[in-house]
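The values are calculated or read from the model by the stated rules, or taken from the named source; none is laboratory data. Treat the numbers as computed from the prediction; the structure is a model and nothing was measured. We place every Cβ from the backbone using ideal geometry, glycine too, and count neighbours over all the protein chains shown. Remember, those area values only see protein heavy atoms, side chains included, never the ligands or the DNA or RNA. Shrake-Rupley method; radii C 1.70, N 1.55, O 1.52, S 1.80 Å.
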Amino acid sequence: MAIRIRARGASEGGTGHVIGRVACVPIDGSLRSDCIRVVRAGEQLREESYEGYAAVLFEGQREVEVIVPCVQGYEDLSFLQDGAVAQVNLKNGFTRVLYRSGSPHNVLFATERCNNNCLMCSQPPREIDDSKMSDDLVRLIELIPDEPTHLGISGGEPTLLDDGLLRVIRELKDKLPDTAITMLSNGRRYADESYVHALANIEHGNFLTSVPLYASNAAMHDYIVQGKGAFDQTIQGLYNAARYGLPVELRVVLHKQTIPGLLDLAEYIYRNLPFITGIALMGLENMGYVKKNWNLLWIDPVDYAAELEEAVRHLYLRKINVSLYNLPLCVLPESLWAFAKQSISDFKNIYLEECGQCGVKNHCSGLFQSSERLHSRAIKAIHLLNKIET
């Protein structure tokens, strides 16, 4: 099963939201202001003062007088562990994990807004007031208890935070200088040379931007992202990034609209974007707009295996670093196994019952939880005499 990262309780007092480190046991009073105290249902009631915590969360209902913001009635808070950073909405009791210590899949969620409206967007954009998001992200960075190997930045479109994003990148450089940062962006804001210049001037040595490019021509790319002029802005943005030394990788989501032009796109990238660090070809996630555009988008990976193999070979032979994301090994030709990565975030990742006997399961991405019912007809256990070489 996928990992649980959110729950809702009944709030009692307070407005707005708080962000804090999870504390599953009582801690010293001088450290409490940064902490959210979590009290399990099986934890014996004791003479404990909750004064000073940012908030207190209770499994079940408790007849306890608490003088700080309190949320009760959660069925299960086991997903909140020491070392995590959580956010509690004090108006509606909604609680979610923002950071899990030890996980390689932590992401700083920047905004729900986006200036694209992609046909296959798994996180459909919403026009909301995110003027405080950079404050929240800086606070989160301050509370991260360790120095992770990698952090993502995602949205929506993170560059819509404008100068707020620059502030976040500076904070990451100062507080977590050795952490590799990958930001998912449509790249359109990079068409503004002054913005790219400002971002490059931060001189974060471990910062990478992942930019989607869905076709070798404006008409098809703009149609897929539902944004007029997006292709031209993205290409200009890529050149600006190269000019100022910002590393960029490309991403292509594989579906019925991108597969026919995949080889042309590979050639376009080779001839026009030789400076990219690599390209990730990605399986479809059945979330958000994909559900309503299923017939427009879905093509079984086994039915585009030949086109995928040709495009990968084209890129590989031209010394372009190419990876396959979100595609189980059993749907790929064996010639492509070496390119496939275990890319699905652990809280979204599942394996089907038939995967239990698979000899290459430990090397396979598995599936998105959202694909449990709708997935490739080729999913099956693979039995090998020798383990796959990695």
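Tabulated data
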quantity: Cα-based Lys proximity count in the chain, under 17 Å, for pairs eight or more positions apart or on separate chains; calculated: 9
quantity: Candidate residues K173, K291: accessible-area rank, largest first, probe 1.4 Å; calculated: K291, K173
quantity: Local electrostatic count, A110, Cβ distance below 10 Å [Lys/Arg +1, Asp/Glu -1]; calculated: -3
quantity: Phi-based couplings in Hz for region 148-159 (Karplus 6.51, -1.76, 1.60; Gly and Pro marked x); calculated: x, 5, 8, 9, x, 10, 9, x, x, 10, x, 5
quantity: Reported label for calculated semi-axes √(5λ) of the Cα gyration tensor in Å given (i) 39, 26, 19; (ii) 54, 24, 15; (iii) 28, 24, 21; calculated: (i)
quantity: Helix 305-317 axis, angle to the chain major axis (alpha carbon atoms, nearest 10°); calculated: 80 degrees
quantity: Estimated distance in nm for a label pair at Q342 and R126, the labels positioned 7 Å out from Cα along Cα-to-Cβ; calculated: 3.3 nm
quantity: Global form of region 57-102, assessed from the alpha-carbon gyration tensor, a/c cut-off 1.5; calculated: prolate
quantity: Placed amide H near V253: partners under 5 Å, 5+ positions off or other chain; calculated: M282
quantity: Only Lys, Arg (+1) and Asp, Glu (-1) charged, at Cβ; the chain dipole about Cα centre in debye; calculated: 740 debye
quantity: T15/F275 FRET efficiency (R0 45 Å; Cβ-Cβ; nearest 0.05); calculated: 0.40
quantity: Packing rank of 131-138, 84-91, 254-261, where each peptide gets the mean count of other beta carbons within 10 Å, highest leading; calculated: 84-91, 254-261, 131-138
quantity: For region 214-364, size of Cβ-based charge dipole, Lys and Arg +1, Asp and Glu -1, in debye; calculated: 460 debye
quantity: Under Karplus coefficients 6.51, -1.76 and 1.60, residue-wise ³J(HN,Hα) of region 285-294 in Hz, glycine/proline x; calculated: 9, 7, 9, x, 5, 4, 4, 7, 9, 3
quantity: Amide N proximity, region 316-348 versus A378 label position 7 Å along Cα-to-Cβ, cut-off under 15 Å; calculated: 324-341
